[in-house]
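Okay, structure first, notes after.
The values are calculated or read from the model by the stated rules, or taken from the named source; none is laboratory data. On a predicted model such as this, the values are computed, not experimentally measured, just so you know. Every residue, glycine among them, receives a Cβ derived from its backbone with ideal geometry; neighbour counts consider all protein chains shown.
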Ligand code: XLS
Ligand code: CA
Ligand code: CA
């Protein structure tokens, strides 16, 4: 297509004082934070759907943007132009990774065979671009929610014909992800839930969903796909109740069906808040259960009950997210993917750049603050002191499993008056704020 984003050059780091809307203020790719560069820590990824496909429509209105690459009438040529746009965008933004749904990158054909053939054409085209630029696939996934055939669900449908179709579609999406060297493969259950219990056999639906995931595990082994499988929790939307409600629910499900060794989580900030959790809570649950896989970095509007997928600008949330990520040992195969879309009124192509810069700067600053907080052991030392009673005496006996109810009753009968110590929440909040204010 030739240059698409004309007039926008490669985005440079200009430092915190810069007022240039098209420059980074905090994200300085090669700057070392601890023993890794910012790029290595953050592993930013562009999402195909919200960056290249979305054009501002909402349930009440048509597209507000018309991206030049989507104006081409031949669907395969349009899909190639979208690839061109995506690679130019990543190059100009200095983003190394991308992710997609099968249907974002190539159009559906008249049947599954033609759809798969379309996918093969675009995958070959993407592969060439990857070889030429060094860009990498963070994750692939199958869109088993958009087409009306999935009205009752995919893996949790009441219709076995649809289950079979979904399995075939996911098989191909895993093959394509492998072909492009994808480091992860995501399952987001966009229709895996229910609208009413009056017509739903939840037991069979969950058993079937586990069967589908087991088939994926078996097939990955068979073809040698070694990427990490991820489940992306979300409590609602589009269904009233989604089975993958939150991390804790997904862990319970995986353990019930003995799938826990094969899946980690892809945590999305806005899905956490829809589940009435903070973003940090979901990352924390992943960390303590050793299932932090990857992150969809966006933010919601806390006044609204739906998934607004806004670009992240909340420095406090980004700091606490990076704090959990660093404590978990960092993102290994995962990354920070912007599953975020510009607002309907931000319809100019330049807005895409401004939005990604905002998100990347927010997480870069959050990384710097979180690293410093950890380096100084501020919260760690406080927490260690707070729980010190479990490192000696009766506390240590409890932790070591040396005592039961009877021993503890005997102990409590003789214990001195109990003294508690303040949790100092307001002080800790002040300290975190100070780190945010003072970190350049
Ligand atoms: C939708 C989800 C979706 C997944 C990938 O809310 O965030 O975009 O990330 O299917
Ligand atoms: Ca979302
Ligand atoms: Ca997501």
Restricting to segment 212-253, name every residue that is more than 19 Å from residue 178 (Cβ to Cβ) and without any contact (Cβ under 8 Å) to a residue 40 or more places away in the chain. 245, 246, 248, 249, 250, 252
Quick one: what pairs do we get from segment 120-137, first residue modelled with pLDDT under 95, second part of a loop (DSSP other than H, G, I, E, B), C-beta under 6 Å, 6+ apart or different chains? none
If a residue counts only when it is more than 16 Å from ligand 1 (Cβ to nearest atom) and either touching a helix residue (DSSP H, G or I) at 6+ places or on another chain (Cβ under 8 Å) or over 22 Å from residue 326 (Cα atoms) (or both), which helices (runs of 4 or more DSSP H) contained entirely in segment 190-301 have at least 2 such residues? 202-223, 247-256, 279-288
Of the numbered conditions (1) within 16 Å of ligand 3 (Cβ to nearest atom); (2) more than 24 Å from residue 268 (Cβ to Cβ), residue 74 satisfies every one except a single condition; which is it? (1)
Of the residues 359, 366, only one is buried (at least 16 other Cβ atoms within 10 Å of the Cβ), closer than 30 Å to residue 95 by Cα and in contact with a strand residue (DSSP E or B) (Cβ under 6 Å, 6 or more places away or on another chain); which? 359
Are any of the residues in segment 176-186 touching a strand residue (DSSP E or B) at 6+ places or on another chain (Cβ under 7 Å), under 19 Å from residue 253 (Cα atoms) and in contact (Cβ under 8 Å) with a residue 12 or more places away in the chain? yes
Within the bounds of segment 365-379, is there any residue that is more than 29 Å from residue 10 (Cβ to Cβ) and not in a helix (DSSP H, G or I)? yes
Out of curiosity, is residue 307 outside any strand (DSSP E or B) and touching a helix residue (DSSP H, G or I) at 6+ places or on another chain (Cβ under 6 Å)? yes
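Quick grid of which residues meet (1) surrounded by 15 or more Cβ atoms within 10 Å (Cβ to Cβ); (2) farther than 19 Å from residue 215 by Cβ; (3) within 16 Å of ligand 3 (Cβ to nearest atom):
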position: 157; (1), (2), (3): yes, no, no
position: 161; (1), (2), (3): no, no, no
position: 173; (1), (2), (3): yes, no, yes
position: 181; (1), (2), (3): no, yes, no
position: 190; (1), (2), (3): yes, no, yes
position: 193; (1), (2), (3): yes, yes, yes
position: 199; (1), (2), (3): no, yes, no
position: 204; (1), (2), (3): no, no, no
Within segment 104-124, does at least one residue satisfy the condition of being assigned to a helix (DSSP H, G or I), within 16 Å of ligand 2 (Cβ to nearest atom) and under 25 Å from the mean Cα position of the chain (by Cα)? yes
Report the residue count in segment 293-316 for those that are within 25 Å of residue 183 (Cβ to Cβ) and more than 14 Å from ligand 3 (Cβ to nearest atom). 0
